[in-house]
Amino acid sequence: MIKSIVISVCFVAALFTANPVWAQSGGHASVGLGHGEEGYLHLKEMIKHYEFGLQIPDASEELKTHGSVALQHAKEAIKHYNEALKHGNESLGRRASAPTAEGSGGEEEGHSHDEGSH
């Protein structure tokens, strides 16, 4: 009798502790995904700025040499970011979407990274 009561109490305690742990892990994953979406947007801005800088006629030789390689790697990285964000969304039970479509991935209104806005 006492053994079955102890087992029942342990089972109920396990139920109460499992749910908060799952919620905590989901919360951390969601925050991590938000950081990933922000990184994706920053990488897209880096690509835009390098493309712009490489088109300027007085670009230095260092920029032409290393900037084009940086641009190539950034474009490859954006593909990996897309795949990681897709799986991150799916791991949280969300549909896989572009970071700019909804949630924390949208840019703030009135905030622009275009040339001349700095």
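Values in this text are rule-based calculations from the coordinates and carry no lab data. The structure presented is a predicted model; accordingly, all values stated were derived computationally and were not measured. Here Cβ is always computed from backbone atoms with ideal geometry, including for glycine, and neighbour counts include all displayed protein chains.
Between L92 and S8, the FRET efficiency from the beta-carbon distance, with R0 = 41 Å, is close to 0.80. Assuming a ≥ b ≥ c are the square roots of the Cα gyration tensor eigenvalues, decide whether the range 26-105 counts as rounded (a/c under 1.5), prolate (otherwise, with a/b larger than b/c) or oblate. Prolate is the answer for the range 26-105, as a/c is 1.5 or above and a/b outweighs b/c.
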